[in-house]
1. Tell me, what is the 1.4 Å probe accessible area of A:CYS73, in Å² to the nearest 10?
2. Taking a probe of 1.4 angstrom, what is the accessible area of A:LYS57 in Å², to the nearest 10?
3. Taking θ as phi - 60°, what are the ³J(HN,Hα) couplings along segment B:177-193 by the Karplus curve (6.51, -1.76, 1.60), each to the nearest whole Hz, with x for Gly and Pro?
4. When chain A is modelled as a GNM with alpha-carbon springs shorter than 10 Å, which of A:THR227, A:THR147, A:THR94 fluctuates the most?
5. 5 Å is the cut-off here: which amide hydrogens, built 1.01 Å from N in the peptide plane, fall below it relative to A:SER12, excluding neighbours closer than 5 in sequence?
6. What lysines does A:LYS182 reach when the alpha-carbon gap must be under 27 Å and sequence neighbours fewer than 8 apart in one chain are set aside?
7. Only protein chains counted, 1.4 angstrom probe. Which residues of segment B:179-193 are at least 40 Å² less accessible in the assembly than when their chain is isolated?
8. So the label point sits 7 Å from Cα along the Cα-to-Cβ vector; using that for A:GLN164, what distances do you get to the other copies, in nanometres, sorted shortest first?
Number of protein chains: 2
Amino acid sequence: MNDDILVGGHISRQFDQELDEIRSRVLKMGGLVEAQLDKTLDALRSGDSSGITDVEKLDRKVNKLEMQIDEECTQILAKRQPAAGDLRMIIATTKSVRDLERIGDEAERVAHMVRHVLDNGAAPKSYSGLLALGEEVKELLHDTLNTYARMETRSAVKNMRKDQDVDDEYARVLMHLIEFMKTDPDHIAGALDVMWAARSLERIGDHCINICENVIYLVEGEDVRHTKLSRIKKQLS
Amino acid sequence: MNDDILVGGHISRQFDQELDEIRSRVLKMGGLVEAQLDKTLDALRSGDSSGITDVEKLDRKVNKLEMQIDEECTQILAKRQPAAGDLRMIIATTKSVRDLERIGDEAERVAHMVRHVLDNGAAPKSYSGLLALGEEVKELLHDTLNTYARMETRSAVKNMRKDQDVDDEYARVLMHLIEFMKTDPDHIAGALDVMWAARSLERIGDHCINICENVIYLVEGEDVRHTKLSRIKKQLS
């Protein structure tokens, strides 16, 4: 008899290990994406764009991990044919991994904009709000990874609220930039770079919320996409 | 004995029907998303924003279908435990459905921008290029849905090339808008609306390419994300 069978929470101890491995790979991927955003914000803060090459290098690692995790999830589905909770875990994981990869892409976009802005010596005035927005988004990403690691619906809902703050901050940055462009039309192209960067940061927030929704789906078995925040809170209380 | 078993290509005729149903639902969803983009471009062409309410109504239908298809895919995974090709079909479907839903979101964004631009009576000069870009994207979306319906890798690769044309057109629109803003700083806000709309159209192209990549993955069992187009063509030739 195969001693791999009927041990622990699952039929197979091996299966438990495989699921654990996927979870820890996702968190590793999350850590890399966080590092991409960190290095981008460092460049913006210090005015030194040399760290941006690292952001690109990290992106290749992130992409590789995404495909690897996806492949592992597919294999588990084919080999283990998981039911209920495990199945939800795997579906939520492949989705979250896609969002993480997109976050990495957006971080890289921001990094390129930052390099472009720094190389062209744009007036710091035009990007003062960008750093504040970036810090908020960085915190949201960090909290989102914690939410995923601990599979907590309560913190998932908290993060959704935080994303609304990010959206408000983004709107402020935008208004400020429009004013700047009106008074200084010669620097429109530079201001637009800052605007795209702000937009990418705002998108990172959206991807974080997707991951939080996946956690809620995983834990509660409840699909909360396209559901208003107030209703989600009510459902989970 | 259950007559549902050992009939047709699959163990179960019922299973074949379920897969067919999912495929046709995806195409139905694709049709709705196409209608969203069509109605948006109609409004832009005619200068009449009354059809934009339909775009919003369609979006609710699209969102509903996304969740429904996702739920059906999950149930099939749990109940049928499909192997190899069918499994890839289901994974590719849940991913494509997500891209379709995003395309719908972007189309709605464009629609709102168009309404905003029309309501504010912005100079048509600033959005002349937008319609051309929209037409190209519309064609790409149509071709992408055909690619999905027929599961053709050859046309998938062709669409990827088309997306490069979309990107070039987008770059032209952008340059034109920057010039416009420089010479007419009073209309910066309006020109930015057009810019966001152009960005959303370009994103629709990206989502189409994701769907094409999913088709290649499905047919060839080959993960072509993060792979250069020239290499994909080589792999498939």
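1. 0
2. Per-residue accessible area (A:LYS57): approximately 110 Å².
3. Ordered by residue, 3J(HN,Hα) equals 5, 5, 4, 4, 5, 5, 7, 9, x, 5, 10, 4, 4, x, 5, 5, 3 Hz.
4. Largest GNM mean-square fluctuation: A:THR227.
5. The answer is A:LEU6, A:VAL7.
6. Qualifying lysines at Cα under 27 Å: A:LYS125, B:LYS125, B:LYS182.
7. B:LYS182, B:PRO185, B:ILE188, B:LEU192
8. So the distances to the same position in the other copies read 4.6 nm.
The values are calculated or read from the model by the stated rules, or taken from the named source; none is laboratory data. Owing to the predicted nature of the structure, the values given are computational and were not obtained by experimental measurement. Cβ sites come from the backbone with ideal geometry, for glycine too, and all protein chains shown count toward neighbours. SASA here: full protein model, heavy atoms, side chains in, ligands and nucleic acids out. Shrake-Rupley method; radii C 1.70, N 1.55, O 1.52, S 1.80 Å.
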